[in-house]
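See below for the structure under consideration.
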Amino acid sequence: MPRVQLLQIAHARSGDKGDASNIGLIALKPEHYPVLVEQITAERVKHHFRELCQGDVARYELPNLHALNFVLQKTLDGGGTVSLRTDAQGKTLSAALLRMEVDI
């Protein structure tokens, strides 16, 4: 079973909602969506961002879009208006998620 980075089968967008980050993960092809559903769990995303995410991670499935949406609570050090982090809006988190590997 080949192992690939998510960026080979999906694309992603991310942003902020206060102190939470929102990451959308979209399959490039419909046949890759089941791989995302099976392997990219909220727990795995929480572990992937363990040094940034201090809160819960929720996963929402959007099968009609072949996409998953993740909301990572307490991830942006207070949010864009108060955080001193380089990426206070979480815009780079989508690129970081796409480095995760999956089996296809």
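Some observations on this one:
- In the range 47-58, the residues that are surrounded by fewer than 17 Cβ atoms within 10 Å (Cβ to Cβ) and either in a helix (DSSP H, G or I) or under 12 Å from the mean Cα position of the chain (by Cα) (or both): His47, Ala58
- Number of residues in the range 1-46 that are open to solvent by less than 40 Å² (accessible area, probe 1.4 Å) and among the basic types (Lys, Arg) equals 0.
- Residue list for the range 11-35, restricted to those being touching a residue at least 40 places away in the same chain (Cβ under 8 Å) and more than 11 Å from the chain's Cα centre (by Cα): Asp16, Lys17, Gly18, Asp19, Ala20, Ala27, His32, Val35
- Residues that are out of contact with any Asp or Glu (no Cβ under 9 Å at 6 or more places or on another chain) and modelled with pLDDT of 90 or more within the range 68-102 comprise Phe70, Ser94, Ala95, Ala96, Leu97, Leu98, Arg99, Met100, Glu101, listed in sequence order.
The values are calculated or read from the model by the stated rules, or taken from the named source; none is laboratory data. No experiment lies behind these values; they were computed from the predicted model shown. Reconstructed Cβ throughout: ideal geometry from the backbone, glycine too, with neighbour counts over all protein chains shown. Quick note on the areas: whole protein, heavy atoms, side chains included, nothing else; ligands and nucleic acids left out. Shrake-Rupley method; radii C 1.70, N 1.55, O 1.52, S 1.80 Å.
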